[in-house]
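Report on the structure given below.
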Amino acid sequence: GKTEWLKRMIHDSKNIENESLINKVVYISPKEENILDAKTVYDKEDLSKILEKDDLVVYVPSPEDYNGDVDGVIDRVFEMQNEIPYIEDGEENKFLSYHIVIDDASIFLSAQKPPSSAIKKLIISGRGRRVKTTIIVHRFNQIPRLVSGNLGGLIVLSVAKTDLDLTERLFAFRLDDIAPDLDNFKWAYIDLLQNDPQPYKYNPIIPVGDE
């Protein structure tokens, strides 16, 4: 399911050569799930130390203050981007890019209230600052309007029948045609930046290590 898809995407992204960019991934996991044997931290101040050497780190927010912890991580990543925007590599500089993956985001997000200022900054200005995000939810009705209106794309692994009308209101297209087939090809991608968004269907994910 979702975890195997995430592992595969991060694993494959490491094998993509980019002459001018180094990508760092911060995986926020409220359930303390580890992926790809990454180091786990509980204090946002430890992020920069781990990411100096590693390209992936797992951050576990405190259950006593999920929202504040996640906001703190987002702010810390933006600070790191400002502190060290690039790394010297011989005669050329490689820019640093960050990707924040927020798992079980319904813990922090609600369609009934506006997102925090840190989430707003991440969604609205992150792309231009080389701080991108992937937000993982179980239902479309958990996505605030500000977030859904600024998404660049959707990854769909399953969709509830009760969400079909909602996806039309949020994204101006329906998923009726692909919903019954998700068990067969497992996931679909919809590019929301196209004038007429259409789903691209993909074959089942091969778990990392099973190649």
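Structure values in brief
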| read-out | value |
| --- | --- |
| Which label in (i) 57; (ii) 61; (iii) 52 gives the computed percent of Cα pairs over 20 Å apart | (ii) |
| Segment Y66-E79, extension gain: residue separation times 0.36 nm, minus the distance between their alpha carbons | 2.7 nm |
| The range 1-19 and the range 52-101: distance between their alpha carbon centers, rounded to Å | 18 Å |
| Cα centroid separation, the range 114-141 to the range 143-211 (Å) | 17 Å |
| Segment L192-E52, length gained on full extension (0.36 nm per residue, minus Cα span) | 47.1 nm |
| H138 accessible area, 1.4 Å probe, all protein chains in place, Å² to nearest 10 | 120 Å² |
| Residues with amide H under 5 Å from that of Y98, placed H, sequence gap 5 or more | K24, V131, K132 |
| Portion, in percent, of the accessible area of the chain that falls on carbon or sulfur, probe 1.4 Å | 46 percent |
| Within the chain, helix-based [θ] at 222 nm, where runs of 4 or more DSSP H residues each add -39,500 (n - 2.57), nearest 500 | -8000 deg cm²/dmol |
| For the chain, accessible area per residue (1.4 Å probe, heavy atoms of protein chains only), Å² | 56 Å² |
| 31 Å Cα-Cα threshold exceeded, pairs from K132/K201; K39/K113; K31/K94; K7/K44; K24/K186; K53/K201 | K39/K113; K31/K94; K53/K201 |
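The values are calculated or read from the model by the stated rules, or taken from the named source; none is laboratory data. Quick caveat, the model's predicted, so the values are computed rather than measured. All accessible areas refer to the heavy atoms of the entire protein, side chains included, with ligands and DNA or RNA removed. Shrake-Rupley method; radii C 1.70, N 1.55, O 1.52, S 1.80 Å.
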